[in-house]
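Participant: Supplied in structure tokens, the structure appears directly below.
Please treat every number below as a calculation from the coordinates, not as lab data. Just so it is clear, the model here is predicted, and its values are computed rather than measured. When we count neighbours, we look across all protein chains shown, and the Cβ atoms used for this are built from the backbone with ideal geometry, even at glycine.
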Amino acid sequence: MPQPNLTERQAKYFASLRASLERDTGKTLEQWVAIARTCPDTGHRARLKWMKDHHGLLQNRASQVLSEAFGSAMSWQEPGKLIEALWTDPASTAIFAAVDRRARAPAAVIQTARKGYTAWSRAFQFAAARPVKGGKVMLGVALTPDTSLRLEAAKNEGWSERLKSRTLLSAPADVDAELGTLLQAAWERS
């Protein structure tokens, strides 16, 4: 059974990542944790780089090992902490709350949180939002830009490549019925 903050697909991915670690690397998770604890760096990014440069462990597996070795103040296991840390500006938080209500309107929606954005999924991610300077929110959706005049092609975003378009939201009122229809259409495709 998937965790409530992961889709079934995400839960299977993390389980397979863990299961294949020893097979693919010749070391158990416990052995990797012992190695990680010898890292001279203290920052997460520096530790990731060290794991890759010195041991050939790439980002997803290294992140898994580092999380086991050092814990994490904020992780997928605690999306509330990530959301609280991300959505600090009152204006963008109000917009986010309006998007969240619309994105969760369909059944079977799973909200996930990352360091830089919040996402909504069914089987696949169908929308994501990140705060933008000036109290605004960039919303990405799993629709092509030609679906609506409100949408533009998503460029240089860190969320799922499935989110082909985006729109900049300046106020909670921008999260209107039309945007709700777009979110519903994206949900249906996920």
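Participant: When 1/r is averaged over all different Cα pairs and the result inverted, which Kirkwood radius in Å belongs to the stretch 87-153?
Facilitator: 12.5 Å
Participant: Can you tell me the length gained on complete extension of the stretch SER170 to THR28, counting 0.36 nm per residue apart and subtracting the Cα distance?
Facilitator: Extending this stretch completely gives an extra 46.3 nm.
Participant: Please sort by residue number the GluC sites (Glu not before Pro) in the stretch 73-173 whose DSSP state is loop and whose Cβ has at most 10 other Cβ atoms within 10 Å.
Facilitator: Passing sites in the stretch 73-173 are GLU161.
Participant: If each residue of separation counts as 0.36 nm, what is the full-extension length gain between THR42 and LYS115 once their alpha-carbon separation is subtracted?
Facilitator: Result for the pair: 24.5 nm of gain on full extension.
Participant: Here's something else I'd like to know. For the pairs LYS49/LYS81; LYS12/LYS164; LYS115/LYS164; LYS12/LYS133; LYS27/LYS81, note any where the Cα-Cα span goes beyond 29 Å.
Facilitator: As for pairs spanning more than 29 Å Cα to Cα, those are LYS12/LYS133; LYS27/LYS81.
Participant: Identify the trypsin sites (Lys or Arg not before Pro) of the stretch 108-158 meeting these criteria: DSSP loop state and at most 14 other C-beta atoms within 10 Å of the C-beta.
Facilitator: Hits after loop and neighbour filter: LYS115, LYS133, LYS155.
Participant: Next question. Which of the chymotrypsin sites (Phe, Trp or Tyr not before Pro) across the stretch 107-169 are loop residues per DSSP, with 16 or fewer other Cβ within 10 Å?
Facilitator: Those satisfying the criteria are PHE124.
Participant: Right, here's the next one. May I ask you to give the average projected area over all directions of the convex hull of the Cα atoms of the stretch 33-190, in nm² rounded to one decimal?
Facilitator: Convex hull of Cα atoms, orientation-averaged projection: 10.1 nm².
Participant: How much length is gained on full extension from ASN60 to LEU149, taking 0.36 nm per residue of separation minus their Cα-Cα distance?
Facilitator: Full extension of this stretch gives 28.4 nm more.
Participant: Between the alpha-carbon centers of the stretch 128-185 and the stretch 19-62, tell me the distance in whole angstrom.
Facilitator: 36 Å
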